[in-house]
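Shown next, in structure tokens, is the structure this report addresses.
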Amino acid sequence: MNLHTFIDFEYGPDGDKHLQKALKDGANPDERFGEMHETLLHVAARRYRTEACKILIEHGADINAQTKGGKTAYAHCVRRGFNDLAQVLTSLGADQTLNKADELAVAVVNGKLDGARTILSAKPELAHTGNPEEDRLLADVAGRHPSEPVVLLIEAGANVDAPALDGGTPLHQTAWFGQPKNAKLLIEAGASLDIFDPVHESSPIGWVTHGSRYSGGAEERQEVYVELARMLIEAGCSLEYEDGDTGYFDRLMKDATPAVREVLRKYEL
């Protein structure tokens, strides 16, 4: 079992027990994996798995290990607003050192936009540093309700297609979390409509259909997924795979709720 993949995507109700066993059996908590050279603790932190973080540290994980992009588990937490988990890591000895790009992220995710503007005024290059673990900030806030952080980052020159959660762009995140206002802002800013993420192999319209059924609270918010589906299609997104293979539309129809399926049916070629 690849523990990085397990913690990232398969950590169910018995996850703590399986992780404990794997570590007792000799798994290396500091083994590196993936493009960003993450340890297990990095993955657990960015997935907001508090108990997994505690277990890993108890089994000797380097609490201050850095990814290829220079991020610690603590930085992962505060950049995403996981402040309670950050406090847990601090109590266990985490170094709280942050660079200016991290400080920008902390200001943005905590709604301190005047502070964010001050940081950007002094260092405008922080909006797009070229470090994927920093340029994901726009995607990290695009799936959240307030639109002001999205406007701020777009105007500051952030990369509107930089990936984040599950390899999805900011537009993917608006699609999954049901944020049509932010989606509109991104589309107007030139966000790509047909990027397929590397994890689920879906474009933003695919995240709409899946989100309409499985995203938290989606059952009570069907109208926003209907709006998102219509918005993406009217903006010109494709309903087929980018390489021309057929089958994507059928997948979308199968995944969508009846309300979203009705929108798709109207636009079927």
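Let's see how each residue does on (1) open to solvent by less than 20 Å² (accessible area, probe 1.4 Å); (2) assigned to a loop (DSSP other than H, G, I, E, B); (3) farther than 26 Å from R251 by Cβ:
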{"position": "H145", "(1), (2), (3)": "no, yes, yes"}
{"position": "N159", "(1), (2), (3)": "no, yes, yes"}
{"position": "P163", "(1), (2), (3)": "no, yes, no"}
{"position": "L185", "(1), (2), (3)": "no, no, yes"}
{"position": "I195", "(1), (2), (3)": "no, yes, no"}
Residue check, E155 against (1) out of contact with any helix residue (DSSP H, G or I) (no Cβ under 8 Å at 6 or more places or on another chain); (2) within 26 Å of H37 (Cα to Cα), all met but one. Which one? (2)
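Looking only at the range 49-56, decide whether some residue is assigned to a helix (DSSP H, G or I), hydroxyl-bearing (S, T, Y) and surrounded by 15 or more Cβ atoms within 10 Å (Cβ to Cβ). Spell out the reasoning first.
Going residue by residue through the range 49-56, those that are assigned to a helix (DSSP H, G or I) are 50-56.
If we keep only those that are hydroxyl-bearing (S, T, Y) too, we end up with 50.
Okay, now just the ones that are also surrounded by 15 or more Cβ atoms within 10 Å (Cβ to Cβ), so 50.
Looking for residues that are assigned to a helix (DSSP H, G or I), hydroxyl-bearing (S, T, Y) and surrounded by 15 or more Cβ atoms within 10 Å (Cβ to Cβ), one finds at least one in the range 49-56, hence yes.
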Given the residues G206, G190, G178, G168, which is the only one that is among the small types (G, A, S) and open to solvent by 40 Å² or more (accessible area, probe 1.4 Å)? G190
Are any of the residues in the range 75-95 in a loop (DSSP other than H, G, I, E, B), more than 28 Å from D25 (Cα to Cα) and open to solvent by 40 Å² or more (accessible area, probe 1.4 Å)? yes
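Somewhere in the range 57-73, is a residue of a type in the set (A, V, I, L, M) and closer than 13 Å to G15 by Cα? Can you show your working first?
We begin by selecting, within the range 57-73, every residue of a type in the set (A, V, I, L, M); these are 57, 61, 63, 65, 73.
Narrowing the set further to residues that are closer than 13 Å to G15 by Cα leaves none.
No; the residues of the range 57-73 include none that is of a type in the set (A, V, I, L, M) and closer than 13 Å to G15 by Cα.
Being under 21 Å from C237 (Cα atoms), in a helix (DSSP H, G or I) and among the polar types (S, T, N, Q), is that true of even one residue in the range 167-174?
yes
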In the range 229-269, what residues are open to solvent by 90 Å² or more (accessible area, probe 1.4 Å), in contact (Cβ under 8 Å) with a residue 12 or more places away in the chain and over 22 Å from S215 (Cβ atoms)? E242, E268, L269
Could you tell me which numbered condition Y11 fails, if it satisfies all but one of (1) open to solvent by less than 80 Å² (accessible area, probe 1.4 Å); (2) assigned to a helix (DSSP H, G or I); (3) closer than 21 Å to R80 by Cα? (2)
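The values are calculated or read from the model by the stated rules, or taken from the named source; none is laboratory data. Computed from a predicted structure; not experimentally measured. Here Cβ is always computed from backbone atoms with ideal geometry, including for glycine, and neighbour counts include all displayed protein chains. Calculation scope for accessible area: heavy atoms of the full protein, side chains included, ligands and nucleic acids excluded. Shrake-Rupley method; radii C 1.70, N 1.55, O 1.52, S 1.80 Å.
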